[in-house]
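Shown next, in structure tokens, is the structure this report addresses.
The values are calculated or read from the model by the stated rules, or taken from the named source; none is laboratory data. Predicted, not measured: the structure shown is a model, and the values here were computed from it. Reconstructed Cβ throughout: ideal geometry from the backbone, glycine too, with neighbour counts over all protein chains shown. Side chains are part of the model used for accessible areas, which takes the heavy atoms of the whole protein and leaves out ligands, DNA and RNA. Shrake-Rupley method; radii C 1.70, N 1.55, O 1.52, S 1.80 Å.
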Amino acid sequence: MSTSVEIVTLENLRAVSRGRARAYGITTAIFGILEIVWMGQTHPGLNTTIEFGANSSTSMPELSGAWRVIVLAAALLLAGISAIATTQGRRFALPRSGTLAVRIIAIALALWPISLWLHVNVDGILRSWTVPVHVVGLVIGVLSLLAGGYLAWKRYDRGASATLYAALIAFLLTFLVWVARGSDVSGLHLQLTSLLALSVSAATCLMFGSLSGTICERSGVVNIAIEGQFMVGAMSAVMFASAFNGAGISKTFAVLLGGVFGALMGSLLAVMALRYKADQVIVGVVIVAFCSAITQFLSSQVLNFHQNLNQSEPLPVWAVPGLSKIPVLGPVLFDQNVLVFVAVLMVVAVNILLYRTRWGLRVRSVGEKPIASETVGVSVSRMRYGAVILGGFIAGIGGAAFTVGPGSSFSYGMTNGYGYIALAIMIFGRWRPYGALAASLLFGFTIAMSANLNIYLSQLVIPQQFISALPYIITIAAVAGLVGRIRPPAADGIPFSRE
Amino acid sequence: MRLELRGITKSFGSLVANHNVSLTVEPGEIHCLLGENGAGKSTLMNVLYGMLTPDSGEILIDGEPVTIRDPKDAVARGIGMVHQHFMLIPVFSVTENVILGDEPVRPWPFVDYRKAVTMITELSQRYNFDVDPHATIENLPIGTQQRVEILKALSHHADLLVLDEPTAVLTPQEADALIMILRSLKEMGKSIIFITHKLREVLEIADVITVLRLGEVVGSTTPAETNEEDLATMMVGRSVNLVVDKKPAAPGDVVLEVRDLLVEEDRGLTAVKSVSFDVHAGEILAIAGVQGNGQTELVEALTGLRGVTSGSVILKGYDGNLAGAAVRDILHAGIGHVPEDRQRHGLVLSLPVEDNLVLDQLSDPRYHGRFGRKLRAIRENARTQITDFDIRTQGPELEAGSLSGGNQQKVVIARELSRELRVLICSQPTRGLDVGSIEYMHRQIVANRDANVAVIIVSSELDEVLALGDRIAVMYDGKIQGIVPPTTSREDIGLMMAGAGNAATSEEQA
Ligand SMILES: Nc1ncnc2c1ncn2[C@@H]1O[C@H](COP(=O)(O)OP(=O)(O)OP(=O)(O)O)[C@@H](O)[C@H]1O
Ligand SMILES: [Mg+2]
């Protein structure tokens, strides 16, 4: 019997996923208990509050009572239609590829009047509405406890991860407050809106990076070089943008140029890994070293002396009309740097590409069992070249999101290991684009939090280094808890040869 | 399509797998290719399909010389192939597997899944295949996977269809259905190359039979001019005893006692429904039944590969319940297992043959000493096994994956029989073996029985069940319909396999 090597059978997996649901439930419940305990300990005199306010000052015209009713009715109607359209799409025999677009339009249509109505009626209240943190903490704690207990009891596999993620975010939030508990800061405000907005923008590079990893690994090639692709993308984009001095169109080109340089590094990886069948991880590491050296050289030898080549203004912020007016969520999701929208659209596009198109089907097949693809006439190396170069392109754009996006100048080391975190996110997101999106947001949140905590550093009871290390610690915890439980593409990282 | 192979030679290192092989297939002809395990049948077909590049030789299609560089060329020339080891992607659905490489797109570049599903439903109805286009391959039993492979080849509208041992994993009924399909394809003017080790099928369907031995064509004949014995002799080069001779069993005490075993399959439905039976030392209990009636789950439960919902498995001399025990304990208790799917559960394809031969004994003091593995002993063991079991390999250090299908099976069996056993459980022990090797395996199994091992055989081959079994348990719908002596008629057993109860003749019933 060859049991010593029989590792992943279907029945194992199934047992594992049930076990995971229980473990997730228990973890969620523990988070809940911790939160309740912490909040019980919160100094009663401490007026830590969560503030929902946004700093936007645009105000809407007041509407008369009749209009309010009409707007509300329209909103509810559209919301109803969209709910039917999204849940009953199949019954209406909407074309499969069209469903997504229909849903998006329906949701947008529904949200627009609702946001209008909310803005008119509650934004004013919300903006000045502050809640004592321990109330929120207790509520969240109890909710986590209930949800976790229920999950552990019923062992639902579906929704288990979502529950855990939600609990984790709540946990981090309460942790933040708890940390500040012993400090003398009076009137510590958590500006929820700005915290979330920062999370989203911090998640942008990670979205590009993890998408890149997802595409490459789906085709069976491990792309460790994302970090390097970030670096060259960041540097080439900022140099191009400042050389042409920030005219609108030149910025678009700057971003694309970042992508092209990323793709170039991708091709290098592809040639080494596919043509010469070198070990993909080693090639990837070497490419990072190469990119790191070349960007360091250029920044010390060129950018240092030509500062004018290393300055760009931020990309325009684009506020979606209407939707950006939703209280709290509006500024977070719909009032952002253009690249944020590009990243989200990219997630949607890659998902469609992988799961709806011919190319995607073939790429996935090549990552699972290349010999089978070869027998039906699909060229393994062609698919892999395509995927790795596209992956490099996306990672390069992610690099541009470090510099041209927020308008920072390039400095060596600014990528900060995010290229590796992106790989962890890819695993966390189970090699799926939407998973990568969700996981990126979670990591973005931890990054935003550690940045936020740094503001109060002087009063904090725990060392600064710990706070800065938080995103990385979460990475390790997340991946350690998941690896081996989820199934990577079967041929991931294995060179293919027919004979 | 008229296909001609001229003087094909292909070697792997020093091994000549095909030597100057020539073969002609006329349009509308069913051409059977026979040969021992490792004779080079698959190699020849892989050359034809562009998976391997021949060292020399020519391929002519309709009289024109063609070069087939890769499978894509082969597909473009109208050649379809069902490979010996499935070329299916386990995590994909049936639909995705069938359309891969030739996807309906509308509008470009979106795959038109709706059209694909319709196409597959139509195709499977036309050929009377019962497959769900939405099912995921890895959840399907191996026989259904085979049907998907055949559907895939049919959907490409090939003019020449190569089938490499398609019936090895099919039930007799499924095999008959496939033979009907091949006949109708032949009437449509398609040429077919059919590889099998089942001589009865060959005689039933072939127009022309070509026999390969050690990489060379040893002869060509037609069913009218030959019979099973002659074919066997031609293949192996000596006369083969096609019936098992064995003395009557001398059963000893009960060794394995299975009581009220309840086992779930992957989807959580009960697959083994309260099964009880005993196996005595020195007897062969054959479990017959149409595939998918719980045999797989029963064996997996007995060997620790699958959890048990309730019930007990008591091995004499072992303290406690073996049901749900760790695989290591089950192995140490003296249970050997030849699994149904050799590539998935039986071998590590990327490890050398010699390591595969000691996989379950890695920490045995014979092969593992204080300073690590005893490489010389492992090599020595491999040499002996390779000679004893006639495993055709260039050497013990070669990857197991490079062996021919039948020789991979021999490695698994050799390993399992190389240990002191109390119970031997074999699932489809002779799947994919040639007649000569089957003869040898059967003799080994009987020898083990005579050495007082309790043997359980699971087979969908009624012939094998009748030939080997001292008692025959028929499984239907997760239950044992009855346990009957091997003198029972084929018809009666067939009826029991179809679900008709047979309490009158059964010796024991839970
Ligand atoms: N990739 C390879 N590398 C080395 N040797 C190989 C390779 N493929 C096949 N062989 C050897 O070539 C010989 C012929 O193998 P082949 O698979 O063609 O046999 P076969 O006739 O199909 O046998 P079976 O009935 O067991 O499937 C075998 O000895 C096998 O070990
Ligand atoms: Mg073969």
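Remarks
- For the stretch B:423-492 and the stretch B:80-105, distance of Cα centres in Å: 33
- Carbon-plus-sulfur accessible fraction, the stretch B:3-236 (probe radius 1.4 Å, protein heavy atoms only): 50%.
- Normalised by residue count, the stretch B:3-236 yields a Cα convex hull volume of 130 Å³ per residue.
- For the stretch A:194-440, carbon and sulfur atoms together expose 68% of the accessible surface, with a 1.4 angstrom probe and every protein chain in place.
- Over every Cα atom in the stretch B:195-287, the radius of gyration and the widest Cα-Cα span, Dmax, amount to 21.6, 54 Å.
- Computed Kirkwood radius, in angstrom, where 1/r is averaged over Cα pairs of the stretch B:254-507: 18.7
- Total formal charge among the other residues, if their Cβ is under 9 angstrom from that of B:K316, Lys/Arg +1 and Asp/Glu -1: -1
- For the chain pair B and A, buried accessible area totals roughly 3700 Å², probe 1.4 Å, rounded to the nearest 100.
- Cut-off 10 Å between beta-carbons: net charge of the residues surrounding B:T296, Lys and Arg +1, Asp and Glu -1: -4
- Structural size metrics of chain B, computed from C-alpha coordinates, are Rg and Dmax of 23.4, 70 Å.
- Whole-number accessible area per residue in Å² for the stretch B:19-171, which is evaluated in the context of all protein chains at 1.4 Å: 37
- Only protein atoms count toward the accessible area here, which uses a 1.4 Å probe; on the stretch B:254-507, the carbon and sulfur part of that area reaches 50 percent.
- Vicinal HN-Hα couplings computed from phi for the stretch B:366-382 (Karplus, 6.51 cos²θ - 1.76 cosθ + 1.60; Hz; Gly/Pro x): 5, 10, 9, x, 5, 9, x, 6, 8, 5, 5, 5, 5, 5, 4, 4, 4
- Here the stretch B:237-390 is assigned +1 on the Cβ of each Lys and Arg and -1 on the Cβ of each Asp and Glu. Its dipole about the Cα centre then comes out at about 620 debye.
- Using the Cβ of A:L274 as centre and a radius below 10 Å, the other residues enclosed give a net charge of +4, where K and R count +1 and D and E count -1.
- For the stretch B:114-133, accessible area lost to neighbouring protein chains reaches 10 Å² or more, against the chain alone with a 1.4 Å probe, at B:R114.
- Basic side chains Lys and Arg get +1 at the Cβ, acidic Asp and Glu get -1 at the Cβ, and with that the dipole of chain B about its Cα centre reaches some 1100 debye.
- Solvent accessible area, Å² - B:R366, 1.4 Å probe, full protein context: 120
- Solvent-accessible surface (1.4 Å probe) assigned to A:E374 amounts to roughly 20 Å².
- For chain B, the residue among B:L160, B:V338, B:I30 whose Cα projects farthest onto the positive side of the dipole built from Cβ charges is B:V338.
- Contact with the other protein chains removes 50 Å² or more of accessible area, compared with the isolated chain and a 1.4 Å probe, from these residues of the stretch B:45-82: B:M51, B:K72.
- Distance from the stretch A:249-290 to the stretch A:191-243 (C-alpha centre basis), Å: 14
- Proximal lysines to B:K273, defined as alpha-carbon separation beneath 21 angstrom and excluding residues fewer than eight positions away on the same chain: B:K479
- At least 20 Å² of accessible area lost relative to the chain alone, listed for the stretch B:343-376 with a 1.4 Å probe: B:R344, B:H345, B:V348, B:L359
- Globularity index of the stretch A:194-440 is 1.00 (Cα radius of gyration / 2.2 N^0.38 Å, N = number of residues).
- Size of charge dipole - the stretch B:254-507 - debye, nearest 20, with Cβ of Lys, Arg +1 and Asp, Glu -1, no other charges: 780
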